[in-house]
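The structure is given below, and queries will be raised subsequently.
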Amino acid sequence: MTGVSHDMDHARRARWIAAAGWSIILLSAGAAVLPLVGPASGAAIIGALLGLAGAAEIIAATRRQETRRLALLAGGLTVVAGLLFATDPATKFLPTVTIIMGWLFLRSLVLAAASLLQHGSVRLWSAVSAATDFVLALVLGVGLSISTLVVTLFGATTPMVASFAWVLAISFIATGALLLEVASFARREDV
């Protein structure tokens, strides 16, 4: 492979990864509509957001050189979480919290493992994304016992759904930022 075609390959891979990153960041805005819709519609929206974000992450992962399998696994976990919402008429809030908490926790483990195998700024951003998902899972876990009481007594409240929307958006933004850094690195080297 000549130097010019090798550089073009890096640029092409970087464009795909960056497009996936920006797509996931744009999807984070979709979480803003969650407080405005009913529980049944909210489950469908969450499923669609997770499915699309996971698909974008998988597309980006196929363009990576380093930690491709772990990146595919992280995207696959997101798709699976989306399918759980899309195939189940999840109209209650607690199953949603449980699914998202599990998804965030598993993703944080995969991203942490990937960060140990990466280098430079990509390693840092993988660790930041892993830590973000882990902290969000902990926040949901701690809030779960309080949420259980609130939902049992009053049903899912608008502020509760709104705070859940923020959790989803923050995770998407961290993932999108990670992919933008991977894209930047891919322009220069094999990732």
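Please work out which residue is surrounded by the fewest Cβ atoms within 10 Å (Cβ to Cβ), limiting yourself to segment 19-62 and to residues that are out of contact with any helix residue (DSSP H, G or I) (no Cβ under 8 Å at 6 or more places or on another chain) and of a type outside the set (A, V, I, L, M).
G38
Here's a follow-up. Could you say which residue among V150, V167, V161, V110 is modelled with pLDDT under 70, surrounded by 17 or more Cβ atoms within 10 Å (Cβ to Cβ) and part of a helix (DSSP H, G or I)? I'd like the intermediate steps shown before the answer.
On the way: V150 fails: surrounded by 17 or more Cβ atoms within 10 Å (Cβ to Cβ); V167 fails: modelled with pLDDT under 70; V110 fails: modelled with pLDDT under 70.
Being modelled with pLDDT under 70, surrounded by 17 or more Cβ atoms within 10 Å (Cβ to Cβ) and part of a helix (DSSP H, G or I) holds for just one of V150, V167, V161, V110, which is V161.
The values are calculated or read from the model by the stated rules, or taken from the named source; none is laboratory data. Here the structure is a predicted model, which means the values were calculated and not measured. Please note: Cβ atoms are built from the backbone with ideal geometry, for glycine as well, and neighbour counts cover all protein chains shown.
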